[in-house]
């Protein structure tokens with residue numbers, strides 16, 4: 001772009017890759033153009049997001065932390081395990097399409113020969129990030145092709161907690177879920193706020209629009225307010241799985257959890273030709 005709005009600047013991320021910074025009354029946000037990945041939200045109450053203590057800012061690879069994007073499939077590819085986990089949107093180089101006061105920025109990506117070799121559909125992706133006293137993120141999936149496609153999507157948000165063992169998740173009580181952890185906790189009260197007592201990898205379906213994450217170790221609570229997100233995934237790898245993951249030190253599991261705002265599995269979305277679908281997430285932070 002020839003010019004950017006006030007509060008929006010082109011910068012580099014910690015690995016020297018191209019990034020965009022938003023600065024306003026809600027603090028400072030850093031977004032990598034690789035994957036349109038929000039890397040940091042330094043709010044007035046401190047850093048809201050988390051990244052691995054061994055995170056690598058390598059060319060062509062997403063960072064362990066922040067908010068990686070999931071599209072067009074969630075988890076492993078359903079038939080070809082050689083394909084990238086969680087799809088390829090996080091590996092695309094996005095471009096800045098527009099910016100505005102607030103501040104806000106919109107990044108875009110489209111299909112090419114490489115994506116069509118993995119997933120044979122034309123698509124457009126648009127990620128808008130706006131910073132006021134909240135952080136608003138909206139992912140729009142468009143279908144410029146001649147036939148309908150189905151896909152999965154998620155904003156794979158890593159939250160800083162200080163100590164995950166003290167954290168609780170509110171708003172998922174009574175919501176149907178499946179546990180995918182290799183070594184989960186035993187029976188737990190699904191009518192009570194979620195607590196972290198073991199490896200956790202739960203997919204909730206039919207979620208409400210509001211979830212609250214309380215982090216007593218940091219004396220704050222984060223509210224997730226979503227639109228058009230019918231799935232939520234809550235994840236923490238605990239020490240055994242952490243040892244097998246890139247970008248993480250042995251004790252990193254104690255300091256974060258993921259709450260993904262999503263449409264996956266039973267809530268896979270269909271996008272007709274000429275139509276689009278937008279998932280939005282508004283994050284707010286308050287002291288407790």
**Request:** Could you list 241, 25 in order of exposure, starting from the residue whose Cβ has the fewest other Cβ atoms within 10 Å?
**Result:** 25, 241
**Asked** Where is the GNM fluctuation largest for the chain (alpha-carbon springs, 10 angstrom cutoff): 238, 41, 188?
**Response** 188
**Asked** Which residue fluctuates the most in the chain, going by a Gaussian network model with Cα springs under 10 Å, if the choices are 32, 146, 221?
**Response** 146
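What FRET efficiency would be calculated for the residue pair residue 243, residue 95, taking the C-beta separation as r and a Förster radius of 45 Å, to the nearest 0.05? Before the final figure, lay out each step's value.
Details: r = 37 Å, r/R0 = 0.83.
The formula returns an efficiency of 0.75 here.
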**Request:** Rounded to the nearest 500, what is the 222 nm mean residue ellipticity of the chain from helices alone, with -39500 (n - 2.57) per DSSP H run of 4+ residues and division by all residues?
**Result:** -1000 deg cm²/dmol
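Kindly rank 64-73, 201-210 from highest to lowest mean number of other beta carbons found within 10 Å of each residue.
Numbers: 64-73: 24.2, 201-210: 17.9.
In descending order of packing, they fall as 64-73, 201-210.
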**Item:** Segment residue 3-residue 58, extension gain: residue separation times 0.36 nm, minus the distance between their alpha carbons
**Value:** 17.1 nm
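If I stretch the segment between residue 165 and residue 83 completely, what's the gain in nm (0.36 nm per residue apart, minus their alpha carbon distance), one decimal?
Numbers: separation 82, 0.36 × 82 = 29.52 nm, distance 3.38 nm.
This chain segment gains 26.1 nm when fully extended.
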**Residue-span extension gain [residue 185 to residue 147] - 0.36 nm each, minus C-alpha spacing** = 9.3 nm
**Request:** Could you tell me the distance between the Cα centroids of the range 1-47 and the range 154-232, to the nearest Å?
**Result:** 27 Å
**Asked** With each pseudo-label sitting 7 Å past Cα toward Cβ, what's the residue 25-residue 288 distance in nm, one decimal?
**Response** 2.5 nm
**Message:** If you take Rg and Dmax of the Cα atoms in Å from the coordinates, which of (i) 25.6, 88; (ii) 18.1, 57; (iii) 20.5, 70 do you get?
**Reply:** (ii)
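All of the numbers you see were taken from the coordinates with simple rules; none came from a lab. Being a predicted model, the structure only gives us computed values, none of them experimental. Positions of Cβ are generated from backbone atoms using ideal geometry, with glycine treated the same way; all protein chains shown enter the neighbour counts.
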